[in-house]
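First up is the structure itself, then whatever we jot down about it.
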Amino acid sequence: MIDLQVHLTKILLSISDWLDWSHSGITDHHRRVAFASLNLGQATGLDGAELSRLFKAAIIHDIGAVTWAEKQTLKQFDVEDTLTHCLRGQYFISESRLTSHLGDTILHHHDKWGGGNPGGLAGDKIPLHSRIIHLCDRLVIKIRRDDHILGQRQEILEAIRNLSGRVFDPNLVDVLEDISVRPSFWLDLIHPGVGHGLETLVPWKEVCGNAIDLYQLAEIMAYAVDAKSRFTYRHSHGVAAVSRFLAEIMGLSGDRPLLLETAGLLHDLGKLTVPESILEKPGPLTHQEMHWIKQHTYYTYWFLMQAGLDPAMAEWAAFHHERLDGKGYPFGKSRTDLALEHRIIAVADIFTAVREDRPYRPAMDWSGIEHVLTSQARSDGIDGDVVLALLSEKKGLDDLWAELSRRLAVMDYGTALV
């Protein structure tokens, strides 16, 4: 029995961690912005429901910035090119009823108080939550690692003060000045446990308790992962759809096919820890580059367990590069550890990958697909029965692929339609 009682807070905190992954590991940027935003929101008199909504937006505010290059650009205090990731973020979160109401906040979280914004808003017409997140986001960006935080606060406040009334809401700047008098505000902001302190600031107890809610949240994460490379813009959705297709024709019943589809959406979360230069390399990978690739399923498992997902579903998602002969990665599982759900996602992943264009080869036709799958089954890598089930349904899979391609065409790399 799969436990679907997943706390939305845990999921959002986990999402914030993989959004903050860079070459130096997790930066805690989103947690710090959320912490500062909640302090500022509390000081302006927001009630519990509004603080909860503010937290949800702040903790994933840059979900539309998925490449390491985009994240690096956003570290500039006076960053100008922000529209693409704001649009993309709004599009992503529209997939879930639990987050779709945050769309305007995400879309406008870089709007300048003085106007000249793409959406035409200015001053108090910009959503209050967006104004709070914008100010706190830039505050956090100004923090340097090479100096004590208490030695930086006057410099940071001066930089913000100079933009009050032009970039930032002057009333919010005044409130920030008041709350930042306390040294503890700054010390809390950079504390390694800043994420744990967030729960004391918001009186929420929101639980994601059904398969549809979990699926919709997984769609958000799949969009963010697949947008990382123009070669993978539909990969997670492809693995998910093929996994459900195979689950149904192989006799899984009840919520099982939907839950397996959800796990398929989540299977490559760990690729957010891999540089785009490796994902898009047009030739063979070096041994060093393969180390990066082999870590992605480990981090898929780590992120999903941190999010409070049922361990079985986390394993379905994360074990897709394990092999029946025990020679897979990263956990070294073998046939006795791999249930039908694991085996289905492994086959769906290979099928989807070879049917896609990749930087080192074009998409394969059915002859090539059959050769790859049967070869891996013969070498005791993947389940031969699952392969036979897939190859017996070529027409159904062609129809599924055409529909998937049509539906996801708007999400080709770098594009977001709203």
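The values are calculated or read from the model by the stated rules, or taken from the named source; none is laboratory data. Since the model is a prediction, treat every value here as computed from it, not as a measurement. Every residue, glycine among them, receives a Cβ derived from its backbone with ideal geometry; neighbour counts consider all protein chains shown. Just the protein is used for accessible areas: all its heavy atoms, side chains included, with ligands, DNA and RNA removed. Shrake-Rupley method; radii C 1.70, N 1.55, O 1.52, S 1.80 Å.
Please give every one of the lysines within straight-line cross-link reach of Lys10, meaning a C-alpha to C-alpha distance under 25 Å, and leave out same-chain neighbours fewer than 8 residues apart.
Lys56, Lys71, Lys205, Lys228, Lys271
Using 20 Å as the cut-off for backbone N distance, which residues of region 114-152 belong to the label zone defined by a point 7 Å from the Cα of Glu50 along Cα→Cβ?
Once the point is set 7 Å along Cα→Cβ of Glu50, 122-137 turn out to lie under 20 Å by backbone N, inside region 114-152.
So if each residue of separation counts as 0.36 nm, and I subtract the Cα-Cα distance between Glu403 and Lys125, what length gain in nm does that give?
My answer for the length gained is 96.1 nm.
Can you tell me which of 280-286, 97-103 comes out highest on packing, and rank the rest after it, using the mean Cβ neighbours within 10 Å?
In decreasing order of mean packing, 280-286, 97-103 become 97-103, 280-286.
Which residue, chosen from Ile93, Thr105, Val181, occupies the Cα position most advanced towards the positive end of the dipole of region 76-206, where the dipole is computed from +1 (Lys, Arg) and -1 (Asp, Glu) charges on Cβ about the Cα centre?
After comparing all options, I get Ile93.
Keeping the other protein chains in place, figure out the carbon and sulfur percent of the accessible area of region 295-388, with a 1.4 Å probe.
Summing carbon and sulfur atoms, their accessible area is 51 percent of the total for region 295-388.
Using label points projected 7 Å from each Cα along Cα→Cβ, tell me how many nm separate Ser22 and Lys294, to one decimal.
So the two model labels end up 2.8 nm from each other.
Using the Karplus equation 6.51 cos²θ - 1.76 cosθ + 1.60 (θ = phi - 60°), what ³J(HN,Hα) coupling, rounded to whole Hz, does each residue of region 98-105 give in order, writing x for Gly and Pro?
For region 98-105, the Karplus curve yields 7, 10, 4, 6, 8, x, 5, 4 Hz.
At 1.4 Å probe size, with every protein chain present, just tell me what the per residue accessible area of the chain comes to in Å².
41
With +1 on each Lys and Arg Cβ and -1 on each Asp and Glu Cβ, how big is the dipole of region 101-232 about its Cα centre, in debye rounded to the nearest 20?
Around 360 debye, computed over region 101-232.
Please give the FRET efficiency for Glu276 paired with Met250, using the beta carbon to beta carbon distance and R0 = 30 Å, rounded to the nearest 0.05.
0.30
List the GluC sites (Glu not before Pro) within region 17-101 that fall in a DSSP loop (any state other than H, G, I, E or B) and whose Cβ has at most 15 other Cβ atoms within 10 Å.
Here the GluC sites (Glu not before Pro) that fit, given the DSSP loop and packing criteria, are Glu80.
Report, by chain and number, residues whose modeled amide H sits under 5 Å from the one on Cys208, excluding near sequence neighbours (fewer than 5 apart, same chain).
Val6, His7, Leu8
Determine how large the accessible area of Tyr360 is when every protein chain is in place; take a 1.4 Å probe and give Å² rounded to the nearest 10.
130
If you roll a 1.4 Å probe over region 8-166 with all protein chains in place, what percent of the accessible area is carbon or sulfur?
Carbon and sulfur: 47 percent of the exposed surface of region 8-166.
Determine how large the accessible area of Glu177 is when every protein chain is in place; take a 1.4 Å probe and give Å² rounded to the nearest 10.
50
Between Arg161 and Thr73, what is the FRET efficiency for a Förster distance of 25 Å, r being their Cβ-Cβ separation, to the nearest 0.05?
Plugging the Cβ-Cβ distance into 1/(1 + (r/R0)^6) gives 0.55.
Kindly write out, for region 134-143 in residue order, the coupling ³J(HN,Hα) from the Karplus curve 6.51 cos²θ - 1.76 cosθ + 1.60 (θ = phi - 60°), rounded to whole Hz, with x marking Gly and Pro.
Couplings: 4, 4, 6, 4, 6, 4, 5, 4, 6, 6 Hz.
³J(HN,Hα) across region 170-180 via Karplus (A = 6.51, B = -1.76, C = 1.60, θ = phi - 60°), whole Hz, x for Gly/Pro?
x, 5, 5, 4, 4, 5, 4, 4, 5, 6, 7
Please sort 38-46, 373-381 by packing, taking for each peptide the average over its residues of neighbouring beta carbons within 10 angstrom, highest first.
38-46, 373-381
What are the radius of gyration and Dmax of the chain, computed over its Cα atoms and given in Å?
22.5, 69
Within 10 Å, count the other beta carbons around each residue, average over each peptide in 236-248, 163-175, and list them highest first.
Per-residue Cβ counts within 10 Å, averaged per peptide and sorted highest first, yield 236-248, 163-175.
In nm, to one decimal, how far is the modelled label at Ala43 from the one at Lys142, with both set 7 Å along Cα→Cβ?
Output for this residue pair reads 1.2 nm.
To the nearest 20 debye, what is the magnitude of the charge dipole of region 208-332 about its Cα centre, counting +1 on the Cβ of each Lys and Arg and -1 on the Cβ of each Asp and Glu?
Dipole size: approximately 340 debye.
With every protein chain present, what accessible area does Cys208 have (1.4 Å probe, heavy atoms only), rounded to the nearest 10 Å²?
Looks like 0 Å² after rounding.
Measure off 7 Å from each Cα along the Cα-to-Cβ vector at Glu199 and Lys327, then give the distance between these two points in nanometres to one decimal.
Simple spin-label model gives 4.5 nm for this pair.
Relative to the present Cα-Cα distance, how much length would full extension add between Trp366 and Lys10 at 0.36 nm per residue of separation?
So the extension gain works out to 124.0 nm.
Amide H of Phe168: which non-local residues (sequence gap of 5 or more, or other chain) have their own amide H closer than 5 Å, using H built in the peptide plane?
Residues meeting the amide H criterion: Trp113.
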